[in-house]
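Scroll down for the structure; my scribbles are underneath it.
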Amino acid sequence: MSKGIDSEEVYEDDTPELEQADALEDYDAVEDEKQAAKNTEESDKDTEDAQDEVSKKKKIRGIIAELCLYVAIIVVCGVFVPRYVIQRTIVDGKSMMNTLKDGENLLAEKVSYRFGEPKRFDVIVFYPYGRDNDAYYIKRVIGLPGETVQIKGSTIYIDGKPLKENYGKDPIDYAGIAEKPIKLGDDEYFVLGDNREISRDSRYEEVGKVKRKNIEGRAVLRIYPFNKFGTFR
């Protein structure tokens, strides 16, 4: 009778290999997380950089827009205001003494004459030879449209009645063309300088009746010399 030999199954322990695989998987997962975090960080940085770039561009555009606004304001002040609102005028000569003296700087406003008409005794700036000529005069309005002006002796007559005024520096010695009655048209004015002795004004043929279209504005403010700054009449 033969005796049998019991056989035993032999199993290899693969636990270390499994643990190693798990460890590798954990490592890969950690690395993936790190990479994902890095990618997210880089993406956030790229987004932040892009936002900064957009912000810089907006800031630059804002600066450019502001500069354009300043330029526009300067252009308006330099062109529109002097042409339509107010302008600086320099007294040249002594024809308006003692009210105004040679070299004084004035501001002449143009708005009121766009909505109304010159009034008697206004000090006006006008072009005696038309607007095609740059020469301008500064005189005082004496006669208004439709009136008849005449100078007899040292007295000014409006429609046959003596005009009460005390702007003249000296008595009128020269009546000029106003020695005879001058009838003013619907758009014409008679002007005199306050220094009647030397002023070349409506008494002279070369100036004569001043057309409304040639009146530039009303002198209202003396701005130089500074110690005489202020309005005048």
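A short reminder: the numbers here are calculations on the coordinates, not readings from a lab. Treat the numbers as computed from the prediction; the structure is a model and nothing was measured. Because the Cβ atoms are built from the backbone with ideal geometry, glycine has one as well, and the counts that use them run over all protein chains shown.
Brief remarks follow.
- Listed residue pairs exceeding 22 Å between alpha carbons, taken from Lys110/Lys169; Lys101/Lys211; Lys119/Lys228; Lys139/Lys209; Lys110/Lys211; Lys180/Lys211: Lys110/Lys169; Lys101/Lys211; Lys119/Lys228
- Zone of Arg114's modelled label, taken as backbone nitrogen in the range 191-233 under 20 Å from a point 7 Å along Cα→Cβ: 212-221
- Amide H partners (placed H, <5 Å) of Glu197, local residues excluded: Asp170
- Per-residue Karplus couplings for the range 165-171, computed as 6.51 cos²θ - 1.76 cosθ + 1.60 with θ equal to phi - 60°, are listed in order as 7, 10, 7, x, 5, 9, x Hz, Gly and Pro entered as x.
- Each distinct pair of alpha carbons in the range 148-233 adds a 1/r term; the inverse of their mean, the Kirkwood radius, is 14.3 Å.
- Peptide ranges 193-199, 183-189 listed from the most packed, as the mean C-beta count within 10 angstrom indicates: 193-199, 183-189
- Amide H to amide H distances under 5 Å link Lys152 with Tyr157, where only residues 5 or more positions off or on other chains count and H is placed in the peptide plane.
- The phi-based Karplus calculation (6.51 cos²θ - 1.76 cosθ + 1.60; θ = phi - 60°) puts the 3J(HN,Hα) values of the range 200-215 at 9, 9, 5, 6, 9, 4, 5, 9, x, 6, 8, 6, 4, 5, 9, 8 Hz, whole numbers, x for Gly and Pro.
- Packing here is the average count of other Cβ atoms within 10 Å per residue, and on that basis the peptides 57-68, 208-219, highest first, run 208-219, 57-68.
- Within the range 207-222, backbone nitrogen closer than 19 Å to the virtual label 7 Å beyond the Cα of Arg88 toward Cβ: 217-222
- Centroid-to-centroid separation of the range 100-133 and the range 194-217 [C-alpha atoms, Å]: 11 Å
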